[in-house]
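This report refers to the structure that appears directly beneath it.
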Protein chains: 2
Amino acid sequence: MATQRFCIESADMKKSLGAKTLLYPAPVLVVGSYDKAGKANMMTVSWAGICCSQPPCIAVALRKETYSYANLMERKAFTVSIPSEDYVKEADFFGLVSGRSTDKLAATKLTAVRSKLVEAPYIKEFPLVLECKVVDIAEIGMHTQFVGEVLDAKAEESVLGQGGAIDIRKLRPLVFTPDTQEYYGIGGFIAKVFSAGKGI
Amino acid sequence: MATQRFCIESADMKKSLGAKTLLYPAPVLVVGSYDKAGKANMMTVSWAGICCSQPPCIAVALRKETYSYANLMERKAFTVSIPSEDYVKEADFFGLVSGRSTDKLAATKLTAVRSKLVEAPYIKEFPLVLECKVVDIAEIGMHTQFVGEVLDAKAEESVLGQGGAIDIRKLRPLVFTPDTQEYYGIGGFIAKVFSAGKGI
C-alpha cells in the first residue's frame, strides 16, 4: 500500500514572501449600489469570491471608508457587473476614484440599469451581472465582508455557448494579480473538472 | 456637466440565467489539513477569495460533509497550495475523492510539507503556498466559510519575476469556470492597475 511522502519545511526550497494575500487568480468585479439620494455608484473589487452553492452566495469585501460601504449598509443590496477585457479602462477607473467626489457613471458614459429584484443598479454594457441581497455582514480587520445571496444572474446572449452556459472564452473576464497589480486575460482550455483526475 | 445614463431592466437585453454563483474567474486552490491522527489531507476548493488586506486574510468555503471540514475545525489552521497547470490532474483528483476513504497524497505521490507556522501541511511540488490560521468561522447555507489569516506566503524562485514579485505568467495558476465546470489557463497581460483608467 502506498504511503504518504512528507518532509520538514527546511527540506523545501520555497522562499518566504511574508504575510500577504497572494491568492491567484483574483477576480475584477464592479459592485453597483445606490446612495441615499438614489444616485448609482460603481466600485471595483477584487477581494471577493463565491462562498456558498445553496443558497447561491458570493462575498465581497469593502473598506468602511468607501462610498459604496454606506450604500450597501443602507440598502442591504448590491450587484456585481463583470467587465469584459473591452472595459478594462472603465473597470480600472471605478477603482481609481471615489463616488464621494466623482460621478463615475457619468464620467464613463456607461448605463446604470435599475434592477427589478434588488435596490442596486448594474451596468448595461458589461456582459454578465449578478443581483444580490445582503444576507450577512462580517468585520474582518480593515475590511467588511458582505455576503450576497444571488437572486439572479443575467448575461448577454453573446457570451453564452453550448447549452446556454457561459463560455469564458466569450465572456473574457479580467484577472487581477495581487502582487504586481496588473490585469490579465483568460488563457486556453485545459481540462474538464472531475475528469482530468480520473487517471490517478 | 455630464449626467448619469440609466434605463429600466426591460430596456436591457440580458438573458436571465437564474440564481447561480456565476462569478468569473474562480480560483483552483488545494486546502491542506491534518486529521486527528496527524494524517495530511488535501481538498480542492474554488469557493474562495481574498477578504482582507490588513491583517491579510483569505476565505475558503467547505461543506460540513467533507473530511477537511472536521480537520479545520479541530486544528484551526489550513494551508492553500496553488497548483500550476502542470498539476491539473492532481488538483482535479483532490476534488474528486474524499480523504475519508482515500489517502490522496499517497495516491498522487505528492509531498506534504510540515509547516513551522501552522498545524497544516502544504504541497512541496506546487509553486505557491499560503499558511493560514483560522480567525473566523461562519455558516452560510450549505457551506461553512473559514477565514484564514495568512501568516506567510511561500513561493518557488521559478515563479518570481521583477523585484521578487510573483509573475502570474510563471505561476500559471488554474481558472475554474462555475457554469461549464472546466479548467482554463491565464492569458496575456492587459494593463497595469490604477493606470488604464487614468485617461477617463
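Annotations for the structure displayed:
- Matching residues, region A:15-37, being out of contact with any helix residue (DSSP H, G or I) (no Cβ under 8 Å at 6 or more places or on another chain) and open to solvent by less than 30 Å² (accessible area, probe 1.4 Å): A:GLY18, A:THR21, A:LEU22, A:LEU23, A:ALA26, A:PRO27, A:LEU29, A:GLY32
- Residues being within 7 Å of chain A (Cβ to nearest Cβ), out of contact with any Lys or Arg (no Cβ under 8 Å at 6 or more places or on another chain) and within 19 Å of B:ARG75 (Cβ to Cβ) - total across region B:107-129: 3
- Tallying residues that are open to solvent by 10 Å² or more (accessible area, probe 1.4 Å) and small (Gly, Ala, Ser) within region B:123-160 yields 3.
- Selection from region A:171-188 of residues that are touching a residue at least 12 places away in the same chain (Cβ under 8 Å) and of a type outside the set (A, V, I, L, M, F, W, C): A:ARG172, A:PRO173, A:THR177, A:PRO178, A:ASP179, A:TYR183, A:TYR184, A:GLY185
- Strands (runs of 3 or more DSSP E) (entirely within region A:7-67) containing at least 1 residues that are in contact with a Phe, Trp or Tyr (Cβ under 9 Å, 6 or more places away or on another chain) and either at the interface with chain B (Cβ under 7 Å from one of its Cβ atoms) or touching a residue at least 40 places away in the same chain (Cβ under 8 Å) (or both): A:29-34, A:40-45, A:48-52, A:57-63
- Exactly one residue among B:ARG100, B:ARG172 is of a type in the set (D, E, K, R), more than 7 Å from chain A (Cβ to nearest Cβ) and within 14 Å of the chain's Cα centre (by Cα), and that residue is B:ARG172.
- Scanning region B:132-173 for residues that are assigned to a loop (DSSP other than H, G, I, E, B) and either under 27 Å from A:VAL150 (Cα atoms) or out of contact with any Pro (no Cβ under 9 Å at 6 or more places or on another chain) (or both) yields B:GLY141, B:MET142, B:GLY161, B:ALA165, B:ASP167.
- Enumeration of residues in region B:68-96 that are in a helix (DSSP H, G or I), touching a helix residue (DSSP H, G or I) at 6+ places or on another chain (Cβ under 8 Å), among the aliphatic types (A, V, I, L, M) and crowded, with 19+ Cβ neighbours inside 10 Å: B:VAL88, B:ALA91
The values are calculated or read from the model by the stated rules, or taken from the named source; none is laboratory data. Predicted model, so just to flag it, every value in this text is computed and none were measured. All Cβ positions, glycine included, derive from the backbone under ideal geometry; neighbour counts span all protein chains shown. Protein only, heavy atoms only, side chains kept; ligands, DNA and RNA dropped before computing areas. Shrake-Rupley method; radii C 1.70, N 1.55, O 1.52, S 1.80 Å.
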